[in-house]
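Participant: Once you've had a glance at the structure underneath, I'll fire off some questions.
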Amino acid sequence: MPTIINKTSLTSVADAQQQIMRDATCTLDTQRVSLFHARGRVLSAPVVSMVDVPPADNSAMDGYAMRMEDLNLDIIPVSQRIAAGQVPCVLEPHTCARIFTGAQVPSNAQLVVIQEDVDVIAGGICIKPSALQQEQGQKQGQFIRLKGQDITTGQVVCETGTKLEARHLGVLASMGIEYVEVYRRLKVAIASTGSELVNPGQTLKAGQIYNSNRFLLAGLIDQLGMELVDSGIIKDERTTTETALALAAEQADIIITSGGVSEGEEDHVKGAVEALGQLDVWKLAIKPGKPLAFGRVKQTPFFGLPGNPASVLVTFMIMARPFLLALQGYSQSQNQTQGYRLKAHLLNPPKRPSIRQQYLRVRVVSNAGSKLVIEAMTNQNSGVLSTAMEGHGLAVIKVNTSGEQAQQVEFLPYASYGV
Ligand code: AMP
Ligand code: MG
């Protein structure tokens, strides 16, 4: 059933999400970037290993490489010394090799005995009697890191759509990868509407406030590995709004505005979008963030987030982020795109139910055993952003629930949403 939008009914969060995500696909060009500069980029092709990692069996400890049959010899001569980076020779019969962590083990060695288990004596070494006893006994293969134990030749190590974080870069480097194929960065234009806004660095005059949303949104977009197009502050005037949106539509792949999207005489965003393109979704059953708008400015997708900073945070996280990730080419199958939804017990649920799905700013009280206990921050006013800064995530309160019924909730940790 298509969602019906009119001025009086609110679209449910689920319906709006479905509608917004309907045409969300990645059409970006790809480019080749050096691994060193690839953090935050999204792979446009899978990475297949051309090598085994590690490339050869090597020692996990400082000690002596030898064969099992020689463990009980009174004297085991040391016939070679192998430091990391050196190439070993085959072990001579009934001898051992002094070996160090990371050094390649001789092909016929069967174990490494750690140096703590050895006495150095005239003519070689002997294994300490205590280290030969059953419990601590020496075992075949011990302290040898096998060739290919991490990655094998031909293995698909990263799928298309993987966002590369530091840990991915480390793995790709271990395979000798120097360049990766990635989607170009999605260009996201952000504009803050409001004649009362000034940017930090200027003195506030009467009636003015500082522009929080520009910094909030810029940070959120940077976290997703996207490119920011700063469309500045737009005054609350219809023609100024239209001109700014039309320009942003040419400069970026998607536009995100804050403020000016309600129904007041000073709210010009909705009208401007309808004049320049189309409005597909407007007014959601969500708290905070009701006046959220989604549509197109010319052909460019558009999100009009509400003005209050806490509403910006919530609607970005819940509505805009999944769409942005899809456009950037993030794989939908990966947990990096989903964010965690953890079961939690909310100590202070809302007393009254709401016809809107609520996203409360919460903090974690305890995490003992397997029980996650959270508490809603005292001030849930949508103009208050500091309670988001101090807390750890959002709790989802379903429509028409309150009291005890609203105590078992989903907890969305900011950290897993890049917030
Ligand atoms: P609006 O949605 O434009 O009616 O704005 C709702 C509230 O959010 C008003 O109190 C605005 O002053 C405030 N607001 C709008 N944009 C910003 C911004 N960029 N930074 C801080 N507060 C804002
Ligand atoms: Mg405004």
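The values are calculated or read from the model by the stated rules, or taken from the named source; none is laboratory data. Fair warning: this is a prediction, and the values are worked out from it, not measured in the lab. Note that each Cβ is placed from the backbone with ideal geometry, even for glycine, and that neighbours are counted across all protein chains shown. Surface areas here come from the heavy atoms of the whole protein model, side chains and all, with no ligands, DNA or RNA. Shrake-Rupley method; radii C 1.70, N 1.55, O 1.52, S 1.80 Å.
Participant: Can you tell me which condition residue 210 does not meet? The list is (1) open to solvent by 10 Å² or more (accessible area, probe 1.4 Å); (2) within 12 Å of ligand 1 (Cβ to nearest atom); (3) over 31 Å from the mean Cα position of the chain (by Cα), and all the others hold.
Facilitator: Answer for residue 210: the failing condition is (3).
Participant: If you don't mind, there's one more thing I want to ask. Applying the selection to the range 202-231, what residues are over 20 Å from residue 385 (Cα atoms) and away from ligand 2 (no atom under 16 Å from the Cβ)?
Facilitator: So in the range 202-231, the residues over 20 Å from residue 385 (Cα atoms) come out as 202-203, 205-206, 224-231.
Scanning the range 202-231 gives 202, 203, 205, 206, 224, 225, 226, 227, 228, 229, 230.
Participant: Select from the range 266-289 the residues that are open to solvent by 30 Å² or more (accessible area, probe 1.4 Å), more than 10 Å from ligand 1 (Cβ to nearest atom) and among the charged types (D, E, K, R) and list them in ascending order.
Facilitator: 270, 274, 280, 287
Participant: Does any residue of the range 286-298 turn out to be aromatic (Phe, Trp, Tyr), within 25 Å of residue 251 (Cβ to Cβ) and outside any helix (DSSP H, G or I)?
Facilitator: Looking through the range 286-298, at least one residue is aromatic (Phe, Trp, Tyr), within 25 Å of residue 251 (Cβ to Cβ) and outside any helix (DSSP H, G or I).
Participant: Take residue 262 and tell me if it is assigned to a loop (DSSP other than H, G, I, E, B) and out of contact with any His (no Cβ under 7 Å at 6 or more places or on another chain). I'd like the intermediate steps shown before the answer.
Facilitator: On the way: assigned to a loop (DSSP other than H, G, I, E, B): yes; out of contact with any His (no Cβ under 7 Å at 6 or more places or on another chain): yes.
Taking the combined requirement at face value, the residue satisfies it.
Participant: Consider residue 326 against the criteria (1) within 17 Å of residue 414 (Cα to Cα); (2) outside any strand (DSSP E or B); (3) touching a helix residue (DSSP H, G or I) at 6+ places or on another chain (Cβ under 9 Å): it satisfies all of them except one. Which criterion is unmet?
Facilitator: The number of the failed condition is (1).
Participant: For residue 39, are the conditions met, namely being part of a loop (DSSP other than H, G, I, E, B), more than 30 Å from residue 264 (Cβ to Cβ) and among the basic types (Lys, Arg)? Spell out the reasoning first.
Facilitator: Numbers: part of a loop (DSSP other than H, G, I, E, B): yes; more than 30 Å from residue 264 (Cβ to Cβ): yes; among the basic types (Lys, Arg): yes.
Yes; evaluated as a whole, the condition is true for this residue.
Participant: Take the range 130-150 and flag every residue that is modelled with pLDDT of 95 or more and open to solvent by 60 Å² or more (accessible area, probe 1.4 Å).
Facilitator: Scanning the range 130-150 gives 139, 140, 143, 145, 146, 147, 149, 150.
Participant: Please go through the range 184-203 and pick out each residue that is open to solvent by 40 Å² or more (accessible area, probe 1.4 Å) and in a strand (DSSP E or B).
Facilitator: Residue satisfying the conditions is 187 alone.
Participant: Here is a follow-up. Looking at the range 290-326, which of the residues that are farther than 17 Å from residue 419 by Cβ and more than 16 Å from ligand 1 (Cβ to nearest atom) is surrounded by the most Cβ atoms within 10 Å (Cβ to Cβ)?
Facilitator: Here the answer is 297.
Participant: If you don't mind, another one. Find the strands (runs of 3 or more DSSP E) located wholly in the range 350-419 whose residues include 1 or more that are over 28 Å from residue 224 (Cα atoms), and list them. Spell out how you get there, then give the answer.
Facilitator: Values: elements: 357-366, 373-376, 393-397, 408-413.
Strands (runs of 3 or more DSSP E) meeting the threshold: 357-366, 373-376, 408-413.
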